[in-house]
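Quick notes on the structure that follows.
The values are calculated or read from the model by the stated rules, or taken from the named source; none is laboratory data. Just so it is clear, the model here is predicted, and its values are computed rather than measured. We place every Cβ from the backbone using ideal geometry, glycine too, and count neighbours over all the protein chains shown. Ligands, DNA and RNA are stripped out before the accessible areas are found, and what is left, the full protein with its side chains, is counted by its heavy atoms. Shrake-Rupley method; radii C 1.70, N 1.55, O 1.52, S 1.80 Å.
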Amino acid sequence: MLVLKFGGTSVGSAQNIKKVAQIVQSQNEPLVVVLSAVSGTTNTLTEIHNSLVTGKNDEARDLTDVLELSYHTLLDELYTSEYYQLKALTFIRKSFEKLRKLTANDEHEILAQGELISTHLFQFYLAELQIDAALLSAFSFMSIDAQGEPETDQIKTKLSKSVLEISQDIIITQGFICLNHEDRIDNLKRGGSDYSASLIGAALNAKEIQIWTDIDGMHNNDPRYVENTFSINEISFDEAAELAYFGAKILHPQSVIPAKENNIPVLLKNTFAPKSKGTIIKNCDASDGIRAIAAKDGIIAMKIKSYRMLLAYGFLKKIFEVFEKYQTPIDMITTSEVAVSLTIDTPTHIDQIIKELQAFGKIEVDNNMSIVCLAGDFSQNSKGISSSVLNCLKEIPIRMISYGGSDFNMSLLIDTNNKAEALNLLNKGLFKKSISKETTLIEQFS
């Protein structure tokens with residue numbers, strides 16, 4: 001069995017949905033097709049909820065009306081028969097009647113409507129093509145616990161049972177959405193459709209998980225800033241996870257974890273160029289050298305300087321407890337005898353964090369920073385790689401370096417104003433193979 005996940009752009013128009021149907025038809029194995037919401041829908045649903053929260057009910061109603069009309073246009077372009085146009089239109093009307101009854105307290109249910117709509121419309125379209133496909137609700141098997149973590153054992157039990165009871169070779173289900181420990185509608189957070197596909201693939205011990213997007217796999221650098229980039233044919237799970245976390249938006253950072261643990265390859269493919277090879281992510285050795293580079297913006301650097309650190313124990317624990325209290329993850333960290341430097345990527349509780357950290361020492365904060373992540377072989381046996389990286393950046397001021405915490409990653413903190421120059425210098429100094437940039441690759445990092 002194969003698991004195929006299609007992102008929002010892949011189902012973003014009638015023409016694109018037809019391309020997805022062609023890809024599904026071309027497969028010669030049983031499939032689970034995981035769909036995201038139609039491109040732009042989740043953003044609009046978020047706006048609708050925000051309007052309801054702030055009491056702007058008229059604004060929420062207007063946004064809902066515009067969104068519903070966009071689906072009317074989609075239906076006109078997607079279906080050719082009057083029967084399926086009417087069937088889909090009836091479904092859309094009922095969906096939006098339900099949406100209009102939801103309140104500010106129904107955030108997750110509001111956001112779930114996008115995936116519920118896209119999967120139903122896709123099943124209707126396959127039926128119009130006389131392709132028999134089953135629609136399986138993600139709410140029947142996808143669940144998370146009180147900490148928001150997937151209940152993998154329950155998912156496997158429920159999903160395996162459902163698949164055995166379904167006679168069709170094509171099963172359509174929703175990405176992103178799930179039930180929580182209170183049996184209420186919830187989700188796997190933004191980008192969670194990739195995670196859904198990986199969890200489904202692991203639960204069914206799939207032959208392969210395919211992530212279909214709008215670009216030709218993963219590239220060695222950011223094509224928005226670097227002209228000579230090239231696609232990566234193969235990459236390890238560990239390297240892919242590092243790149244995904246530090247800026248390569250083609251893949252959700254958590255999505256490779258279930259696949260890695262169950263040794264299931266993940267293939268990144270382009271919906272609009274299905275014959276392109278793409279990138280395969282699997283359990284393999286790290287690259288001999290640097291595999292790829294990604295950059296993450298919006299980073300805040302903090303330095304806590306205190307002579308009380310010297311020869312003291314428990315100091316770092318107290319600092320970490322502050323970030324834990326405000327549920328703020330730390331990306332990078334370096335230490336000296338009298339100072340700790342670290343980075344975070346969310347300013348939500350920055351004022352409270354700084355106020356509490358001032359009890360431990362002098363606090364310095366730098367904004368508008370970027371983390372440049374280099375994925376490859378940084379194990380103890382590798383030689384000269386770190387020096388080659390730093391030699392490329394002789395003219396770039398480096399605020400922090402994280403090296404040794406992972407065998408697959410080296411991270412550098414720089415001012416965002418220097419990011420484009422740094423990426424180009426690294427590309428020129430570390431990669432000899434290059435191809436001309438294609439404009440369609442820009443979406444990888446957007």
Study note, to complete from the structure: Residue hits (the stretch 251-276; under 25 Å from Ile155 (Cα atoms) and aliphatic (A, V, I, L, M)) are Leu251, Val256, Ile257, Ala259, Ile264, Val266, Leu267, Leu268
Exercise for review: Hey, can you tell me all the residues within the stretch 191-225 that are part of a loop (DSSP other than H, G, I, E, B) and under 26 Å from Ser39 (Cβ atoms)?
Suggested key: Gly191, Ala206, Asp214, Ile215, Asp216, Gly217, Met218, Asn221, Asp222, Pro223, Arg224, Tyr225
Study note, to complete from the structure: Lys282 passes all but one of the listed conditions (1) under 24 Å from Gln15 (Cα atoms); (2) touching a residue at least 40 places away in the same chain (Cβ under 8 Å); (3) open to solvent by 10 Å² or more (accessible area, probe 1.4 Å); the exception is number (1)
Point to revise | Hits in the stretch 217-255 - residues which are open to solvent by 10 Å² or more (accessible area, probe 1.4 Å), modelled with pLDDT of 85 or more and over 16 Å from Ile290 (Cα atoms) | key: Arg224, Tyr225, Glu227
Check your understanding: Limited to the stretch 58-74, what total is found for residues that are open to solvent by 40 Å² or more (accessible area, probe 1.4 Å) and either within 20 Å of Leu86 (Cβ to Cβ) or of a type in the set (S, T, N, Q) (or both)?
Key -> 4
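Every residue, every condition in (1) within 27 Å of the chain's Cα centre (by Cα); (2) open to solvent by 40 Å² or more (accessible area, probe 1.4 Å); (3) at pLDDT below 95, yes or no:
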position	(1), (2), (3)
Ile92	no, no, no
Lys98	no, yes, no
Asn105	yes, yes, no
Ala112	yes, no, no
Leu116	yes, no, no
Ala138	yes, no, no
Ser143	yes, no, no
Review point. Residues of the stretch 329-363 being outside any loop (DSSP other than H, G, I, E, B), open to solvent by 70 Å² or more (accessible area, probe 1.4 Å) and modelled with pLDDT of 90 or more, which ones?
Key: Asp351, Gln352, Lys355, Lys362
Exercise for review: Could you run through the stretch 160-210 and say how many residues are of a type in the set (Ser, Thr, Tyr), open to solvent by 20 Å² or more (accessible area, probe 1.4 Å) and in contact with a strand residue (DSSP E or B) (Cβ under 7 Å, 6 or more places away or on another chain)?
Suggested key: 0
